[in-house]
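K.L.:
Can you read through this structure? Questions will come right after.
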Amino acid sequence: MTPVPQTPVMKAARPRRSCLAVPGSNPRFLEKAQSLPADQVFLDLEDACAPLAKESARHAVVDALTNGDWTGRTRTVRVNDWTTHWTYRDVITVVEGAGADLDCIMLPKVQDARQVVALDLLLTQIEKTMGHEVGRIGIEAQIENARGLVNVEEIAGASPRLETLVFGPADFMASINMKSLVVGEQPPGYQADAYHYILMRILMAARTYDLQAIDGPYLQIKNIAGYREVAGRAAALGFDGKWVLHPGQIEAANEVFSPSQEDYDHAELILDAYEWHTSEAGGKKGSAMLGDEMIDEASRKMALVIAGKGRAAGMIRTSTFEAPEE
C-alpha cells in the first residue's frame, strides 16, 4: 500500500458545474476568462501550450493569478504530466509565484497513486518553504487512459489533497483504440453508451472518497445542443460538472448541473418537513407525510444532495414549509 502524505487541511467541495479551460500562453484569453461566469477556471500549461511556449506560459499564468480578478471562481492550473520533463518546473514556478492565489493543481494522465503522492510531497515542500498553509492547495487527478481507470480507486485514495477526479475522453479514446475521432460523441457501430462503464468507474471511486467527479470536454464548441445532451448524461449519473472550452458552453453547463427550481424547492421542503416531524414538536416520528409523499431518513439523504447542489449554485427557494396543525 502506497503511504499517504499527511496534509492536515481538508476542504469543502467547491462548485464545479462549469470548468473553463484557458490556454496559459494566450494573454487575451487569460484576461477574458476573468469576466466569464464559470464556476472554475483552469489555466492550462499542458495540451493548450506548444512545447516552445511552456516556459513563458508559466510566468504568464503566475501574473494572471496574482494580478487578475478571479473572484467567485475556483483557480486551478493544469501542469504537464509526470512522464514529461516539464512537470516539476511547472509546479515550482506556479506555486512559488502564485501559491497564495491558487486553489488547485490539476495533474493530467494520472496512471497510479504514486503520481498523486509525488505531487502532494512536492506541494508540501514548496508550501513549507514559502510559508504557505500546508495542504491548502488541492489536487485534481485526470483519468485519461486504461491504466488510470484500472487504478482509479487507488488514485482516489492517494492524498487528502484530492478534490476531484476528471475524465479525459480524447486521450482515453486513443488509449483503448476507440473507433471515433469525435471527442465526446458515441463511436459508430455501438448501440449503447460507450462511456457508461468509464464514467461509472470514475464516479464510484470519487464518491468512495468524497471527491467530486467532473466530465471532460466536448470539442464541437458551436454545437450547444450536442453539448447539453452529453452533459445531461453525465449529470444524470451524478457527475458534478463538465469542462467548457468556449464561453458559449458555460451557460449550458451551469444549467445542466444545477437542479431545476422545482426540484430544489421540493428538496428544501423535504429537509424542513423531516426536521420538524422528527423533533419533539412534530412527535419524534421516524417517517412522515409531505403532502401525498412519505418521507424518511433515506428521503432526507437524497434531498440533501439536491439541496446542496442548489445552494452551491446560488439558487433561492420559492416555497416554505408550514408545520401541520394538530
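K.L.:
Within segment 269-311, report the trypsin sites (Lys or Arg not before Pro) that DSSP leaves as loop and that have at most 16 other Cβ atoms within 10 Å.
P.N.:
Answer by residue number: 284, 285.
K.L.:
Subtracting the Cα-Cα distance from 0.36 nm times the residue separation, let me have the gained length for residue 174 to residue 28 in nm, one decimal.
P.N.:
The residue 174-residue 28 span can extend by a further 49.4 nm.
K.L.:
With everything on Cα atoms, drop me the angle between helix 261-277 and the longest principal axis of the chain, reported from 0 to 90° to the nearest 10.
P.N.:
Once rounded, one gets 60 degrees.
K.L.:
Would you work out the charge dipole size for the chain about its Cα centre, treating the Cβ of every Lys and Arg as +1 and the Cβ of every Asp and Glu as -1, and quote it to the nearest 20 debye?
P.N.:
Once rounded to the nearest 20, the dipole reads 1000 debye.
K.L.:
Also, I was wondering about something else. Putting +1 on Lys and Arg Cβ atoms and -1 on Asp and Glu Cβ atoms, find which of 64, 134, 145 reaches farthest to the positive end of the dipole of segment 57-161.
P.N.:
145
K.L.:
Averaged per residue, what accessible area in Å² does segment 208-326 show with a 1.4 Å probe, protein chains only?
P.N.:
54
K.L.:
Take segment 1-142, compute every pairwise Cα distance, and split them into 5 Å bins from 0; I just need the percent in each bin.
P.N.:
Each 5 Å bin holds this share of Cα pairs: 2, 10, 21, 24, 22, 14, 6, 1, 0, 0.
K.L.:
Would you mind putting 168-178, 64-74, 139-149 in packing order, based on average other-beta-carbon counts within 10 Å, highest first?
P.N.:
139-149, 168-178, 64-74
K.L.:
If I compute solvent accessible area with a 1.4 Å probe over the protein chains, what percent of it on the chain is carbon and sulfur?
P.N.:
Accessible surface attributable to carbon and sulfur in the chain totals 55 percent.
K.L.:
Please compute the modelled spin-label separation between residue 193 and residue 313, points set 7 Å along Cα→Cβ, answer in nm with one decimal.
P.N.:
Taking the two extended label points, one gets 1.8 nm.
K.L.:
Students often check this: by mean Cβ neighbours within 10 Å, which of 130-136, 275-281, 91-97 ranks highest, and how do the rest follow?
P.N.:
Listed from highest to lowest mean packing, they are 91-97, 130-136, 275-281.
K.L.:
Ok, one more. Angle between the Cα long axis of helix 113-130 and the longest principal axis of the chain, 0 to 90 degrees, nearest 10?
P.N.:
Rounded to the nearest ten degrees, it is 80.
K.L.:
Something else about it: With an 8 Å cut-off on Cα pairs and a minimum separation of 6 or more residues, tell me the relative contact order of the chain in percent.
P.N.:
15
K.L.:
Take each of the peptides 292-298, 40-46, 313-319, 155-161, average the number of other beta-carbon atoms within 10 Å over its residues, and list them starting from the highest.
P.N.:
Averaged packing, sorted descending, gives the order 40-46, 155-161, 313-319, 292-298.
K.L.:
If one takes the longest principal axis of the Cα atoms in the chain, at what angle in degrees, from 0 to 90 and to the nearest 10, does the Cα axis of helix 224-237 lie?
P.N.:
60
K.L.:
Using the structure shown, select from 128/309; 242/285; 222/309; 242/284; 32/301; 32/109 the pairs with a Cα to Cα distance greater than 32 angstrom.
P.N.:
Violating the 32 Å Cα-Cα cut-off are 128/309; 242/285; 242/284; 32/301.
The values are calculated or read from the model by the stated rules, or taken from the named source; none is laboratory data. Quick caveat, the model's predicted, so the values are computed rather than measured. All Cβ positions, glycine included, derive from the backbone under ideal geometry; neighbour counts span all protein chains shown. Note: areas computed on protein heavy atoms with side chains; ligands, DNA, RNA excluded. Shrake-Rupley method; radii C 1.70, N 1.55, O 1.52, S 1.80 Å.
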